[in-house]
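Notes follow the structure.
Bear in mind these aren't lab numbers, they're just calculated from the coordinates by the rules spelled out. Everything numeric in this text was worked out from a predicted model, so none of it was measured. So basically every Cβ, Gly included, is an ideal-geometry build from the backbone, and we count neighbours across all protein chains shown.
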Amino acid sequence: MIIVADDHEVLRFMLGSFLRSRGFRVLTAGTGRDALALCRRIKPPIKAMITEPAEKAARIRPAMPVVFMSGAFIRSDAAIRTRLGPGRAFLEKPFSWMGFESALESVLDPACVASASHRMRPWPPVVS
């Protein structure tokens, strides 16, 4: 299970489709509050969360891998970059599919990446 949280519906749809094509189950949330509710409610292991900076989710599930993404680089983003640590990655928008996949692979369990990698297929080059 991967949670995709972003306020842009089209981006949530595209990331969800991309991840589903690689065999992942995906839940989406349009707000940080909805994403936190999913973190609290979901019982099976959450493989990762893809979200705009939301440190609360990382505190609720400290072992959950998180890819933070942002299109407006601000001071709080810089602070998050310095405190990322293991299982955390930062992805600046706009990003390429290769950049997204690389950030996701950097936080996922290697066995999870290996089981999904055989489903690779081309996708559009850039998301903004």
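One table, with the values for the structure above:
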read-out: Order of 31, 51 - criterion: other Cβ atoms within 10 Å of each residue's Cβ, fewest first; value: 31, 51
read-out: Amide hydrogen neighbours beyond the local backbone of residue 28, cut-off 5 Å, H modeled; value: 4
read-out: Net lengthening on full extension, residue 96/residue 60 (0.36 nm per residue, minus Cα-Cα); value: 10.0 nm
